[in-house]
Amino acid sequence: MQLNPDEMKPVINRLKRAQGQLNGIIRMLEEGDDCQKIVTQLAAASKAIDRASFAVVASGLQQCLTADEPEMTPDQLEKMFLSLA
């Protein structure tokens, strides 16, 4: 299933922000920064990646539900969705 690149722009932006957060976390770890600050940043990056994942799955589900001939079976869609759990 091909995703529409224009619809994925917000997802790409979210992932780029998460990438920046991860680079910051690595720097914080290398510099021996405060544990609480690091965990806070890890949680934020994780949440950003989760939201991006859900947006991709939601877009895929929408495409499959509206397509004349879906490219994925209901079982494949369920497996894809549950891979995020």
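Among residues of region 69-85 being among the hydrophobic types (A, V, I, L, M, F, W, C) and open to solvent by 60 Å² or more (accessible area, probe 1.4 Å), the one that is farthest from residue 15 (Cα to Cα) is 82. Per the conditions (1) farther than 26 Å from residue 9 by Cβ; (2) touching a residue at least 24 places away in the same chain (Cβ under 8 Å), the sole criterion not satisfied by residue 45 is (1). Residues that are farther than 20 Å from residue 84 by Cα, open to solvent by less than 90 Å² (accessible area, probe 1.4 Å) and assigned to a helix (DSSP H, G or I): does region 2-19 have at least one? No, every residue in region 2-19 fails to be farther than 20 Å from residue 84 by Cα, open to solvent by less than 90 Å² (accessible area, probe 1.4 Å) and assigned to a helix (DSSP H, G or I). Scanning region 20-68 for residues that are acidic (Asp, Glu) and either surrounded by 12 or more Cβ atoms within 10 Å (Cβ to Cβ) or in contact with a strand residue (DSSP E or B) (Cβ under 9 Å, 6 or more places away or on another chain) (or both) gives 33, 50.
The values are calculated or read from the model by the stated rules, or taken from the named source; none is laboratory data. Just so it is clear, the model here is predicted, and its values are computed rather than measured. Here Cβ is always computed from backbone atoms with ideal geometry, including for glycine, and neighbour counts include all displayed protein chains. Heavy atoms of the whole protein, side chains included, go into the accessibility calculation; ligands, DNA and RNA do not. Shrake-Rupley method; radii C 1.70, N 1.55, O 1.52, S 1.80 Å.
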